Amino acid sequence: MEKAIELKKISVVIPMYNSSKTIERALLSVVSQLYKGTIEIIIVNDGSKDNSAEVVNNFILRYPDFNIKLINQQNGGVSKARNIGLKNVTGNYIAFLDSDDAWFPEKLEIQISHLTSDMSIDFLGTSFDGFGLENKHIGELIKIEFKDLLFKNYFQPSTVFFKKAIIDKIGFFDETQKYAEEGNYFMRIAREFNCFFLNKSLITFGDGKAGFGESGLSANLKEMEKGELKNLKFVYKQGWISPVLYVFAVCYSLLKYFRRILIVKFR
């Protein structure tokens with residue numbers, strides 16, 4: 001007999017900017033979750049110039065039984081939007097969802113089952129379309145150490161699920177950083193908490209677009225690389241890595257950058 005999932009309140013933070021064509025799909029994927037506990041949804045409208053807010057307000061009217069909150073702010077970037085959401089959460093656990101992504105119905109149920117059955121897990125990401133670990137079994141749980149994140153960002157924001165205690169200690173995103181900001185945040189978390197990767201796809205990523213080199217924040221490869229190098233410099237300045245490891249990680253990052261340029265050029 002399977003162990004019953006402990007019902008806890010989950011807060012979902014959704015940053016939104018000009019997302020009128022995708023936000024309803026994202027929200028539908030949350031209200032359609034198989035998880036039976038309480039879910040609050042916090043959407044932060046980051047100064048959208050389209051009718052995204054109207055789409056959300058209409059959705060709230062259609063689903064009055066769900067705890068959905070829309071917060072409007074002047075455009076300040078995705079980090080500020082996520083931070084506003086984090087400052088308003090009331091749940092025991094937190095999940096991010098980008099406005100152009102969508103969850104599989106079983107996502108929250110699977111993730112909270114792992115966190116409540118193994119209390120040593122503080123933070124859990126998953127694979128997604130086009131990103132998984134081919135050398136691991138589907139559904140395998142892999143411990144991700146801080147230094148692993150120097151070379152590969154295993155955690156796409158819409159996949160992550162974590163304990164609220166993390167923000168009480170780690171704080172918030174760096175609002176001055178507009179690219180690769182999640183890499184900085186996740187490395188700070190991995191320094192202090194137990195992070196795991198579930199090798200199972202539980203989201204639809206970006207309506208089918210590639211992970212980089214197409215429309216959206218990930219389109220600007222040069223700025224993404226600047227952000228990644230800034231993250232490496234940050235952890236080095238903190239004294240978290242040695243000079244040798246820092247140089248090696250920078251060289252590896254630059255090689256990945258040039259590889260991505262070639263991929264985009266010949267795609």
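The values are calculated or read from the model by the stated rules, or taken from the named source; none is laboratory data. Computed from a prediction, not measured in an experiment: that's the story for all the values here. We place every Cβ from the backbone using ideal geometry, glycine too, and count neighbours over all the protein chains shown. We work out accessible area using only protein heavy atoms, side chains counted, and drop any ligands, DNA or RNA first. Shrake-Rupley method; radii C 1.70, N 1.55, O 1.52, S 1.80 Å.
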Dipole check, the stretch 49-185, charges on Cβ (K,R +1; D,E -1), about Cα centroid: among LEU70, PHE59, PHE104 the Cα furthest to the positive pole belongs to LEU70
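Report in % the part of the accessible area of the chain that belongs to carbon and sulfur, leaving out ligands and nucleic acids; probe 1.4 Å. Display every interim value, and only then the final one.
Numbers: 6920 of 13090 Å².
C and S fraction of accessible area: 53 percent.
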In whole Hz, the Karplus estimates of ³J(HN,Hα) for the stretch 60-77 (6.51, -1.76, 1.60; θ = phi - 60°; x where Gly or Pro) are 4, 5, 6, 10, x, 7, 9, 7, 10, 10, 10, 10, 9, 9, 5, 4, x, x
As straight-line cross-link partners of LYS69, the qualifying aspartates and glutamates (C-alpha separation under 15 Å, not fewer than 8 residues apart within one chain) are GLU24, GLU40, ASP46, GLU54
Taking a straight Cα-to-Cα line shorter than 22 Å from LYS143, and setting aside same-chain lysines fewer than 8 residues away, one finds LYS107, LYS152, LYS163, LYS164, LYS169, LYS200
Gyration tensor (Cα only) of the stretch 1-113 to equivalent ellipsoid, semi-axes in Å sorted down, yields 25, 15, 12
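Using a probe radius of 1.4 Å on heavy atoms only, what accessible surface per residue do you get for the chain? Whole Å² is fine.
On the way: 13090 Å² over 267 residues.
Accessible area per residue: 49 Å².
Of TYR252, TYR179, TYR154, which has the most accessible area and how do the rest follow, probe 1.4 Å? Provide the component values of the computation, followed by the final result.
Details: TYR252 100, TYR179 60, TYR154 40 Å².
Of TYR252, TYR179, TYR154, the descending order of accessible area is TYR252, TYR179, TYR154.
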Length-normalised contact order of the chain, Cα under 8 Å, at least 6 apart, in percent, tallies to 20 percent
In debye to the nearest 20, the charge dipole size for the stretch 100-163, taken about the Cα centre with +1 at each Lys and Arg Cβ and -1 at each Asp and Glu Cβ, equals 220 debye
Karplus ³J(HN,Hα) for the stretch 18-32 (6.51 cos²θ - 1.76 cosθ + 1.60, θ = phi - 60°; Hz, whole; x = Gly/Pro) runs 6, 10, 4, 7, 10, 5, 5, 4, 4, 5, 4, 5, 7, 5, 9
Taking 0.36 nm per residue of separation between GLU106 and VAL250 and subtracting their Cα-Cα distance, the length gained on full extension comes to 48.1 nm
Residues whose built amide H sits under 5 Å from the amide H of ASN72, excluding neighbours closer than 5 in sequence, are ASN45
One finds the C-alpha centres of the stretch 177-199 and the stretch 26-66 to be spaced, in Å, by 26 Å
Between ILE144 and residues 5 or more places away or on another chain, the pairs with built amide H atoms under 5 Å apart involve CYS195, PHE196, PHE197
Rounded to the nearest whole number, the Stokes-Einstein translational diffusion coefficient of the chain at 20 °C and 1.002 mPa s (Kirkwood radius, C-alpha pairs) in µm²/s is 112 µm²/s
